[in-house]
1. Can you tell me which residue among 174, 145 is among the hydrophobic types (A, V, I, L, M, F, W, C) and either on the phi > 0 side of the Ramachandran plot or without any contact (Cβ under 8 Å) to a residue 40 or more places away in the chain (or both)?
2. When you scan the stretch 158-175, do you find a residue that is in a helix (DSSP H, G or I), in contact with an Asp or Glu (Cβ under 8 Å, 6 or more places away or on another chain) and under 22 Å from residue 55 (Cβ atoms), even just one?
3. Residues that are surrounded by 15 or more Cβ atoms within 10 Å (Cβ to Cβ), more than 29 Å from residue 147 (Cα to Cα) and either among the acidic types (Asp, Glu) or in contact with a Cys (Cβ under 9 Å, 6 or more places away or on another chain) (or both): does the stretch 45-63 have at least one?
4. Which members of the stretch 97-137 meet the condition of being of a type in the set (A, V, I, L, M), modelled with pLDDT under 95 and surrounded by fewer than 18 Cβ atoms within 10 Å (Cβ to Cβ)?
5. In the list 131, 139, 81, which residue meets the criterion of being touching a residue at least 12 places away in the same chain (Cβ under 8 Å) and among the β-branched types (Val, Ile, Thr)?
6. Go through the stretch 64-80 and count every residue that is under 18 Å from residue 177 (Cα atoms) and open to solvent by 30 Å² or more (accessible area, probe 1.4 Å).
7. Any chance you could count how many residues in the stretch 152-168 are free of Cβ contacts under 8 Å to residues at least 40 places away in the same chain and over 22 Å from residue 70 (Cβ atoms)?
8. Hey, any hits in the stretch 2-14 for a residue that's over 30 Å from residue 113 (Cβ atoms), open to solvent by less than 70 Å² (accessible area, probe 1.4 Å), at pLDDT below 95 and polar (S, T, N, Q)?
Amino acid sequence: MDPQKVTAEMLKAYIKYQEANDLLKEKWYDFVFLSPRWWVGIFLGLIPWYMWWKFHNKNYTGDIFRAGLFMALIALLMDSIGVQLGLWIYPYDVFPFIPGDTPWDLTLLPVSAMFLIEMKPKWSPIKKAIIYALLVTLIGEPLALFFKVYEPLHWNSIYSFPVYVFLFYLCNKLARSKKYNSKMN
C-alpha cells in the first residue's frame, strides 16, 4: 500500500481520536475534577506511599521499591491497554489524559504488593501471590465497583485473578533476586 495513503488514513483516525480525547477532558473537567471521588483518588494515590515509607524495613528499601516500580509500570501498561480496548472504564480518573486508574496502578497495587513481599518472608511466593490476587479481586475490585470508580464493560474480575497471581510472583522474584541484592535472601 502507498505510504502516503497509509499516512492520510492514519491521520483521519488520529483526528477522531483527538476529538474524542478533547470531549473526554471536557467531561472530566465538568463532572470529575475536584469532586469528592476525585479527592479520594488523590488521597489514595499519596497516603499508601507515606504509610509504606513510614513502616517498611529500611534495610530493604531498594529491593522492595524495585518490585513495586515493576508492578506499577506493568499495571499502568495493562490498565491502559484494557481501557483502550474498551474492556473497562474509570469514570472518576484522577488524570483524564492517562488511560488507567493512577491511584490503583501507581499506588494501591504496588504498595500492597511491597507490604506483602516484606511480610512473612518464609512463606511460599505462590501462597503469597494467591493471597494477593484474592485480596485484589475479592476486596479491591468489588470496592471500586461499589464506589462506582471502576466500571467493567467486557471484563470479569475472575479474569484478573491469574494476572495478579503472575504479577505478584514476578515482583516477589524481582525483590528477592540475588542478581540485585543479597539482604532479602
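1. So the residue among 174, 145 that is among the hydrophobic types (A, V, I, L, M, F, W, C) and either on the phi > 0 side of the Ramachandran plot or without any contact (Cβ under 8 Å) to a residue 40 or more places away in the chain (or both) is 145.
2. Within the stretch 158-175, one or more residues are in a helix (DSSP H, G or I), in contact with an Asp or Glu (Cβ under 8 Å, 6 or more places away or on another chain) and under 22 Å from residue 55 (Cβ atoms).
3. Yes, there is a match, as at least one residue in the stretch 45-63 is surrounded by 15 or more Cβ atoms within 10 Å (Cβ to Cβ), more than 29 Å from residue 147 (Cα to Cα) and either among the acidic types (Asp, Glu) or in contact with a Cys (Cβ under 9 Å, 6 or more places away or on another chain) (or both).
4. Scanning the stretch 97-137 gives 98, 119.
5. On the way: 139 fails: touching a residue at least 12 places away in the same chain (Cβ under 8 Å); 81 fails: touching a residue at least 12 places away in the same chain (Cβ under 8 Å).
Result: 131 is the single residue among 131, 139, 81 that is touching a residue at least 12 places away in the same chain (Cβ under 8 Å) and among the β-branched types (Val, Ile, Thr).
6. Here the count works out to 4.
7. 3
8. no
The values are calculated or read from the model by the stated rules, or taken from the named source; none is laboratory data. These figures come from a predicted structure and were not determined experimentally. FYI the Cβ positions are ideal-geometry reconstructions off the backbone, even for glycines, and counts take in every protein chain you see. Keep in mind that these areas ignore ligands, DNA and RNA; they rest on the heavy atoms of the full protein, side chains included. Shrake-Rupley method; radii C 1.70, N 1.55, O 1.52, S 1.80 Å.
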